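Taking it in order: structure first as structure tokens, then the write-up.
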Amino acid sequence: MSEILLEVKNLSVRFPIWGGILRQKIAEVRAVENVSFTIKKGETLGLVGESGCGKTTTAKAICHILKETSHGVVQEGEIIFHSENGPVNLLSLNRKEMRFYRREIQMIFQDPFSSLNPRMTVSEIIQRPLKIHTKMNKKERRTRVTDLLEKVGLQPEYALRYPHEFSGGQRQRIGIARALAVRPKLIIADEPVSALDVSVQSQVINLLEDLQDEFGLTYLFVAHDLSVINHVSDRISVMYLGRIVETGSAEQVYSSPLHPYSQALISAIPQTDPAKRSDRIMLKGEIPSSMNKPSGCSFNPRCPIAVAECSTKIPELREMNDHHSAACDLLELK
Amino acid sequence: MVETLNSKNKIPINQQQPVLQVRDLVVEFKLEMGYARAVSGVSFDLFPGEILGIVGESGSGKSVTALSIMRLIPEPPGKISNGSIRFENKEVLELSYPEMRDIRGNNIAMIFQEPMTALNPVFTIGMQVRETILTHEKISKKEAQGRAIKMLEKVGIPDASARMKDYPHQFSGGQRQRIMIALALVCKPQILIADEPTTALDVTTQAQILELMLEQQTQIENSSIILITHDLAVVAETCHRVAVMYGGKIQEIGTVNQIFSAPKHPYTRGLLASLPSSTSIKDGKLYAIPGNVPSISDMPAGCKFCTRCEEVIDRCHQEEPPLHVLNNGHKVRCHLIEGEADE
């Protein structure tokens with residue numbers, strides 16, 4: 001049993017909606033509700049769900065970048081990061097205190113086109129976290145840049161070029177090099193391959209896995225593509241409308257999903273192999289807005305097995321068998 | 001030759017008279033220095049009742065091919081510099097603007113990837129569906145209104161008659177794509193071109209939209225679909241035949257079974273092996289095609305895939321392989337494949 005690196009306990013994130021003449025709060029988006037999970041050192045946790053399910057908000061809450069971008073956001077619960085100096089609740093930190101921990105938690109973004117500053121050279125982009133977080137001198141920083149570029153599979157000569165000179169896959173490699181620059185422990189990858197072409201996607205996935213082995217990294221991998229998540233993750237958590245509906249090992253969730261939503265989600269993945277094609281569970285309707293969630297289990301209006309009680313009681317995440325939990329009251333405990 | 005392919009759509013493909021014939025299509029775009037070829041010599045047939053998939057990565061020329069059929073290539077900078085597109089014995093490339101307008105939406109319709117930008121934000125959706133009908137048919141506004149409501153009901157917009165007065169932003173992404181399908185199919189076109197119709201949607205919504213598209217298409221007799229996508233699995237599940245594009249050319253074309261069970265071109269094999277769901281994972285590593293997709297202004301001479309191919313031989317760098325036709329009709333553009341004949 002390895003050590004725990006990150007513990008998220010009952011995290012809730014709510015965004016206010018301002019309106020009216022006085023710009024008062026008129027409504028609230030409950031983007032994340034009561035989310036709890038743990039990530040152990042060296043493992044990859046995959047967070048999967050469709051758009052609007054709160055997976056990116058969860059990732060951003062851990063990186064502490066929600067307060068900077070949205071006015072009046074409410075974050076409740078605890079995000080406990082086990083650093084070398086003992087556990088610390090990231091949510092209780094202010095901006096200045098957080099800066100110290102940013103070194104240990106870095107993020108890789110989805111869009112390799114907007115996440116790199118077009119006015120900076122690759123070398124400046126990768127040096128920036130080093131300037132902020134370390135006391136390295138110019139020469140040391142340059143050596144580190146050369147090193148990192150080689151590690152991510154780019155030629156060191158590229159250091160003086162600008163982002164527009166690179167393809168999507170190469171830009172994503174630059175983003176990875178920047179995240180690795182300060183030798184973080186935890187990397188939060190938010191849809192790192194979804195903007196890439198199929199043939200380049202597998203290169204980047206392999207690169208992320210190689211780097212994990214080499215630097216002993218821990219990943220929180222956020223994506224909507226279940227087959228990618230299944231490939232990279234040790235454990236998977238499935239989110240629906242702000243809540244985790246199922247958690248388990250990749251094998252358990254992908255091969256024998258328990259929650260009706262996970263079952264539908266997995267059956268909706270198109271298959272290239274005609275032999276693997278199974279009967280598809282077609283969900284009715286669309287994901288409700290998180291401003292106006294259904295009462296009780298938020299999946300109940302679309303659930304193929306819902307009963308009357310589902311619309312009154314919010315199901316808790318229960319362990320069904322061997323670390324495999326699901327939030328559905330209709331499942332029998334084994 | 002009659003064959004049944006997809007379990008859901010058991011339409012026998014009548015390999016007689018194709019409804020659409022594309023021959024040697026070349027499309028160029030003007031760059032700062034000279035022209036770059038986005039599509040360089042694409043030929044294929046589309047048969048009545050058939051669903052043809054065109055797969056490829058970004059920059060492979062798949063969308064440009066689709067836009068050429070609709071004559072929607074912005075000129076300049078674009079230019080269809082060679083080739084022919086025949087639709088029902090008419091040469092599409094020689095039609096005048098008004099003649100083309102009669103065909104668009106009426107005989108050949110298109111669904112675009114981004115439903116938000118494809119619908120006009122300042123008109124109600126009722127107005128947009130009605131306009132499509134009134135452009136092509138001489139019926140009264142009231143009749144058109146009735147047809148529009150019926151069509152929206154068919155594609156699963158709840159409470160359609162009330163929602164006719166709503167604007168595109170009042171609908172969700174999935175619903176907007178449903179409205180696009182309604183717009184495209186309301187005049188019962190013979191050909192529907194769907195350019196990445198589900199790429200902007202979530203998996204569960206994607207499944208719904210694909211199902212709807214196929215269901216609506218089967219209701220129009222003998223109508224065909226060209227489905228353009230980068231998602232191999234979507235093609236495997238919906239199409240009868242598949243064309244794989246790379247570097248502005250069709251590299252391999254065959255039935256779904258030929259392409260997915262016995263892919264011949266190294267590029268197709270590489271693409272299939274690099275999917276995370278594939279069975280070719282070795283030591284936990286995915287197969288990766290080395291290198292990047294070359295930009296269209298920077299295509300290698302010879303085979304377009306030679307810079308990334310692992311089975312490359314000298315000849316590949318010098319000479320572009322012809323499309324070899326195998327005895328079962330499967331066509332492959334590769335020097336390593338022995339064909340019965342060349343095209």
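The values are calculated or read from the model by the stated rules, or taken from the named source; none is laboratory data. What you see is a predicted model, and the numbers here were worked out from it, not measured in a lab. Ideal geometry is used to build each Cβ from the backbone, glycine not excepted, and the neighbour counts take in all protein chains shown. For the accessible areas, the whole protein counts, side chains as well, though only heavy atoms, and no ligand, DNA or RNA atoms are used. Shrake-Rupley method; radii C 1.70, N 1.55, O 1.52, S 1.80 Å.
Data for the structure
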item	result
10 Å Cβ neighbours from other chains, averaged over peptide B:198-204	6
Pairwise label distance in nanometres, A:Ile314 with B:Ala301, each label 7 Å out on the Cα-Cβ vector	6.8 nm
Cβ-derived FRET efficiency at R0 22 Å, A:His323 paired with A:Leu93, nearest 0.05	0.15
23 Å Cα-Cα reach of B:Lys331 towards lysines, excluding residues that sit fewer than 8 places from it in its own chain	B:Lys62, B:Lys249, B:Lys264, B:Lys304
Cysteines without a disulfide-compatible neighbour (Cβ-Cβ under 4.7 Å), chain B	B:Cys187, B:Cys239, B:Cys309, B:Cys334
Value of relative contact order over chain A, rounded to a whole percent, pairs C-alpha under 8 Å and six or more apart	19 percent
Amide H partners (placed H, <5 Å) of B:Ile250, local residues excluded	B:Ser43
Residue among B:Gly302, B:Ala262, B:Ala148 farthest towards the positive dipole end of chain B, charges placed on Cβ	B:Ala148
Top positive-direction residue, dipole computed over the protein assembly as shown with Cβ charges, set B:Ala236, B:Ser223, A:Ser262	A:Ser262
Cα gyration tensor shape of the stretch B:266-340, rounded if a/c is under 1.5, else prolate or oblate by comparing a/b with b/c	oblate
Tensor-based shape of the stretch A:203-279 (alpha-carbon gyration tensor, a/c under 1.5 rounded, otherwise prolate or oblate)	oblate
Electrostatic dipole magnitude of chain A [Cβ: Lys, Arg +1; Asp, Glu -1; Cα centre; debye, to 20]	1500 debye
Amide H partners (placed H, <5 Å) of A:Cys328, local residues excluded	A:Arg318
Value at 222 nm in deg cm²/dmol, rounded to 500, when DSSP H runs of n ≥ 4 in chain B each add -39,500 (n - 2.57)	-8500 deg cm²/dmol
Total charge dipole magnitude, the protein assembly as shown, about the Cα centre, Cβ charges on Lys, Arg, Asp, Glu only, Debye to nearest 20	2140 debye
Of A:Lys55/A:Lys139; A:Lys9/A:Lys139; A:Lys41/A:Lys151; A:Lys60/A:Lys131; A:Lys55/A:Lys138; A:Lys9/A:Lys313, those spanning more than 32 Å from alpha-carbon to alpha-carbon	A:Lys55/A:Lys139; A:Lys9/A:Lys139; A:Lys55/A:Lys138
Percent of Cα pairs exceeding the 26 Å cut-off, where the set is the stretch B:130-251	25 percent
Directionally averaged shadow of chain B, computed from the convex hull of its alpha-carbon atoms, nm²	18.8 nm²
Nearest-20 debye value, the stretch B:116-188 charge dipole, Cβ charges on Lys, Arg, Asp, Glu	140 debye
10 Å beta-carbon shell around A:Val13, net charge (K/R +1, D/E -1)	+1
Cα point-scatterer Debye curve for chain A, base-10 log of I(q)/I(0) at q = 0.08 Å⁻¹	-0.41
Partner chain coverage, peptide B:206-216 - average Cβ within 10 angstrom	2
³J(HN,Hα), Karplus 6.51/-1.76/1.60, whole Hz, each residue of the stretch B:33-47, x for Gly, Pro	10, x, 9, 10, 8, 7, 10, 10, x, 9, 10, 7, 10, 10, 9
Most to least accessible of A:Tyr240, B:Tyr287 (protein chains only, probe 1.4 Å)	B:Tyr287, A:Tyr240
Cβ-based net charge around B:Val22, under 12 Å, with every Lys or Arg adding one and every Asp or Glu removing one	-1
All lysines inside 16 Å of B:Lys30 as judged from Cα atoms, apart from same-chain residues fewer than 8 positions distant	B:Lys79
Positive-pole candidate from A:Ile79, B:Ser172, B:Ser96, dipole of the protein assembly as shown, charges at beta carbon	A:Ile79
Peptides ranked, highest mean first, by Cβ atoms within 10 Å: ranges B:84-95, A:164-175, B:57-68	B:57-68, A:164-175, B:84-95
Mean projected area (nm²) of the alpha-carbon convex hull when the protein assembly as shown is viewed from all directions	33.4 nm²
Whichever lysines have a C-alpha closer than 20 Å to that of A:Lys25, once near sequence neighbours (fewer than 8 apart) are set aside	A:Lys67, A:Lys293
Karplus-derived HN-Hα couplings along the stretch A:303-313 (A = 6.51, B = -1.76, C = 1.60, θ = phi - 60°), whole Hz, x at Gly and Pro	6, x, 10, 4, 10, 4, 4, 4, 8, 10, 10
Pairs of Lys in the stretch B:96-230 closer than 19 Å at Cα, counting only those 8 or more apart or on different chains	12
Using θ = phi - 60° and Karplus 6.51 cos²θ - 1.76 cosθ + 1.60, couplings along the stretch A:5-19 (whole Hz; Gly, Pro as x)	9, 9, 10, 9, 10, 6, 6, 10, 10, 10, 9, x, 10, 9, x
Projected label distance in nm at B:Gln318 and A:Met120, using a 7 Å step from Cα toward the beta-carbon	4.9 nm
Within a Gaussian network of chain B (alpha carbon springs, distance under 10 Å), most fluctuating of B:Tyr35, B:Tyr97, B:Tyr246	B:Tyr97
Helix-only mean residue ellipticity at 222 nm for chain A, each DSSP H run of n ≥ 4 adding -39500 (n - 2.57), per residue, nearest 500	-8500 deg cm²/dmol
Calculated over the stretch A:1-49: convex hull of Cα atoms, volume per residue (Å³)	95 Å³
Test item: A:282-288 mean partner chain Cβ contacts at 10 Å	5
